[in-house]
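Beneath this line is the structure, given in structure tokens, with notes to follow.
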Amino acid sequence: MATQDDVIEVLVSDHREVEQLFGELEQMTGSIGEQAKTLAEKVVIELVRHSIAEEWYLYPAVREHVPGGDKLADQELSEHAEAERTMKRLEGLEPGEREFWPTMELLMSQIREHVREEESDLFPRLRQACPPERLAELGGKVEAAKKLAPTRPHPLAPDSPPAGKLLAPGAGLVDRIRDAITGRGRS
């Protein structure tokens, strides 16, 4: 029987997937084709789903288990809000527009810094403070949350439980319907 990845393993795997997409985008810098737009959409979809899962489960666990966790979680949420505003700007741009690539580069920079901080500080502190069985439980919850989460940035939506958990599944359903109709994020 396979064991459940813990929350840190799940989130680090997400980080690697997004970094791979960033690498592909960097090779296209300056391109104005549909492939660049589709890849940018995939990045935003993955980042939004990942962020929602962190907001629902990771940051509450940090608040509960990590000494000084409230301050740490608040900082992470602030970074999410900033990146979400950048994603919202990016969503309205096409690769041929002057601001598209600088906005994409800003988003990549924001996310890379956020990932570096999580992996070098937050994750080790959480692993030390939180029981392994709780980390495994949270891993399953994060995986489930990503399936319900919105796929588009909603910078004005609540970013913490319980309001976020109540509203996000509905927004996620609407986003997935819109994506299916428009073909957003599909090659």
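The values are calculated or read from the model by the stated rules, or taken from the named source; none is laboratory data. Note that this is a predicted model, so its numbers are computed, not measured. Neighbour counts run over all protein chains shown; Cβ positions are idealised from the backbone, glycine included. Calculation scope for accessible area: heavy atoms of the full protein, side chains included, ligands and nucleic acids excluded. Shrake-Rupley method; radii C 1.70, N 1.55, O 1.52, S 1.80 Å.
In this structure, ARG16 and ARG98 have a Cβ-Cβ separation that, at R0 = 22 Å, corresponds to a calculated FRET efficiency of about 0.10. Which is farthest toward the positive dipole end of the stretch 6-65 among PHE22, GLN35, HIS65, measuring Cα position about the Cα centre, with Cβ charges +1 (Lys, Arg) and -1 (Asp, Glu)? Checking the options against the dipole of the stretch 6-65, the answer is GLN35.
In a shell of Cβ-Cβ distance under 12 Å around THR103, excluding THR103 itself, what net charge do Lys and Arg (+1) and Asp and Glu (-1) give?
Working: positive: ARG85, LYS88, ARG89, ARG98; negative: GLU91, GLU94, GLU97, GLU99, GLU105.
Counting the neighbours of THR103, the net charge comes to -1.
Shape call for the stretch 92-147 from the C-alpha gyration tensor, a ≥ b ≥ c root eigenvalues: rounded (a/c under 1.5), prolate (a/b greater than b/c) or oblate? Here the stretch 92-147 falls in the oblate category. Once you list every other residue whose beta carbon is under 12 Å from the beta carbon of HIS65, what net charge do they have if Lys and Arg are +1 and Asp and Glu are -1? Net local charge, HIS65 excluded: +2. Computed with a 1.4 Å probe over protein heavy atoms only, the accessible area of LYS147 comes to about 140 Å².
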